[in-house]
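Visitor: Structure provided below as structure tokens; questions to follow.
The values are calculated or read from the model by the stated rules, or taken from the named source; none is laboratory data. Everything numeric here is computed off the predicted structure, so don't read it as measured data. Note that we place each Cβ from the backbone using ideal geometry, even for glycine, and neighbour counts take in every protein chain shown.
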Amino acid sequence: MTRIIAGKARGARLDVPGSGTRPTSDRVRESLFGTLESADAIIGARVLDLYAGSGALGLEALSRGAAAVDLVERGRPAAAIVRRNAAIVAKAGAPSTARVHEVAVRSFLQRAIGPYDLVFSDPPYDLDDDAISGDLRVLAPLLSADALVIVERARRSSPPDFEAAGLRLLREKGYGDTTLWWGEPHGADQAGPDASV
């Protein structure tokens, strides 16, 4: 079972797809969002949740004060669960500004209109490096100047190639078998999350 950890929808229970997704653990989400709040990166942010799965990352951001979230999930059963979870979070008191897009990530990015301030990308662990790099290249022009991009992958995976997308690696943090890589546009304010935290 997954819950919203904090904010207006705190404690709201979220459904999780039965197969084909890998929900981000509560421990990882708590650490991630603690760092994002310390960096003042959530309040009023326009958020993009790629490979949304249950939608827990984007909806957590919405509960904590993000202005809006686009949740992208290609799988029809999972997208239906994301819609249900968005309704649960709205009913629990978070703004009802979550939009669910049942489409492939690359297709969405090719027609999306930015800018986005905060992006979560939690692709399947078996998605290859070239596909992830391609996503980042298409995503980069959609980012605001001080945007943060967080990519979640298996610890054994190669780091995302932020440089090839015109971004830079800001931070890397491991949690058991999971690693989060943080990227930002070149020229972004250097006062973001401390890379050593």
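Visitor: Which residues, counting only those in segment 45-61, are over 18 Å from G114 (Cβ atoms) and either in a helix (DSSP H, G or I) or of a type in the set (S, T, N, Q) (or both)?
Guide: S54, A56, L57, L59, E60
Visitor: Scan segment 84-102 and tell me whether some residue there is under 24 Å from R137 (Cα atoms), outside any loop (DSSP other than H, G, I, E, B) and hydrophobic (A, V, I, L, M, F, W, C). Can you show your working first?
Guide: In the first step, residues of segment 84-102 are kept if they are under 24 Å from R137 (Cα atoms); the result is 99-102.
From what's left, outside any loop (DSSP other than H, G, I, E, B): 99-101.
When the remaining residues are screened for being hydrophobic (A, V, I, L, M, F, W, C), the result is 100.
Looking through segment 84-102, at least one residue is under 24 Å from R137 (Cα atoms), outside any loop (DSSP other than H, G, I, E, B) and hydrophobic (A, V, I, L, M, F, W, C).
Visitor: Filter segment 66-83 down to the residues that are aliphatic (A, V, I, L, M) and not in a loop (DSSP other than H, G, I, E, B) and list them by number. Spell out the reasoning first.
Guide: Applying the first criterion (aliphatic (A, V, I, L, M)) to segment 66-83 yields 66-69, 71-72, 78-82.
Within segment 66-83, A68, V69, L71, V72, A78, A79, A80, I81, V82 qualify.
Visitor: Against the conditions (1) surrounded by fewer than 23 Cβ atoms within 10 Å (Cβ to Cβ); (2) within 16 Å of the chain's Cα centre (by Cα), where does K91 fall short? Just the number, please.
Guide: (2)
Visitor: Just to verify a result, which residue in segment 121-156, among those that are part of a loop (DSSP other than H, G, I, E, B) and among the basic types (K, R), is farthest from G44 (Cα to Cα)? It would help to see each step written out before you state the result.
Guide: Within segment 121-156, the first condition is being part of a loop (DSSP other than H, G, I, E, B), and the residues that meet it are 122-128, 155-156.
Subset that is among the basic types (K, R): 155-156.
On the way: R155: 31, R156: 34 Å.
Restricting to residues being part of a loop (DSSP other than H, G, I, E, B) and among the basic types (K, R), the top hit is R156.
Visitor: Could I ask something else about it? Can you name the residue in segment 6-44 that is outside any helix (DSSP H, G or I), within 12 Å of the chain's Cα centre (by Cα) and in contact (Cβ under 8 Å) with a residue 40 or more places away in the chain and is also surrounded by the fewest Cβ atoms within 10 Å (Cβ to Cβ) among such residues?
Guide: T24
Visitor: Further question on the same structure: Kindly indicate which of R156, R137 is modelled with pLDDT of 90 or more, over 16 Å from the mean Cα position of the chain (by Cα), more than 20 Å from E60 (Cα to Cα) and basic (K, R).
Guide: R137
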